Amino acid sequence: MGNELSLTLLQMGRSLAWAVVAAVSFAFAMGLSIKVFDWMSKDINEWEEIRKGNLGVALIFVAMILSVGLVLYKVI
C-alpha cells in the first residue's frame, strides 16, 4: 500500500513538473514570436493600431498567437 502511494505521488510530481515546463516554454515562445513579428514589421506600430480599433491588425495577431500555440501544443 505504501509503495503504491509513493509511486502515485511520484507520478503526480512528474506531471506537475511537466506542466510547469510546458507553461514556461509556451510563455517564452509566445513572447519571442510576438517580438519577432514586431521586429519584422517595423513600419507599423501594431499595438497602437489595436488600441485604435484596427480589426485587421488584431486578427493578424490572433492568427499568429493561435498558430504558434498549435505548433507548441504538438511539440510539448
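Note on LYS52: no aspartates and glutamates have a C-alpha under 14 Å away, same-chain residues under 8 apart excluded. For the residues LEU66, LEU32, LEU16, a GNM of the chain with alpha-carbon springs under 10 Å puts the largest fluctuation on LEU16. When shorter helices are ignored and each DSSP H run of at least 4 residues is given -39500 (n - 2.57), the per-residue value for the chain at 222 nm works out to -30500 deg cm²/dmol. Against the main long axis of the alpha-carbon atoms of the chain, helix 55-75 sits at an angle near 30°.
For the residues MET12, MET64, MET30, a GNM of the chain with alpha-carbon springs under 10 Å puts the largest fluctuation on MET12. Relative to its Kirkwood radius, the Cα radius of gyration of the chain gives an Rg/Rh of 1.27. Projecting label points 7 angstrom from Cα along Cα→Cβ for ARG51 and ASN3 puts them 6.4 nm apart. For the range 12-22, 3J(HN,Hα) computed residue by residue from phi via the Karplus equation (6.51, -1.76, 1.60; θ = phi - 60°) reads 5, x, 4, 4, 5, 5, 5, 5, 5, 4, 5 Hz, glycine and proline entered as x. The stretch between TYR73 and VAL24 holds 16.4 nm of extra length on full extension. This uses 0.36 nm per residue minus the Cα-Cα distance. Annotation for ARG14 and ILE34: the two label points, set 7 Å from Cα along the Cα-Cβ direction, are 3.4 nm apart.
Bear in mind that the values in this text are calculations on the coordinates, not laboratory data. No experiment lies behind these values; they were computed from the predicted model shown. Every residue, glycine as well, gets a Cβ built from its backbone with ideal geometry; the counts of neighbours run over all protein chains shown.
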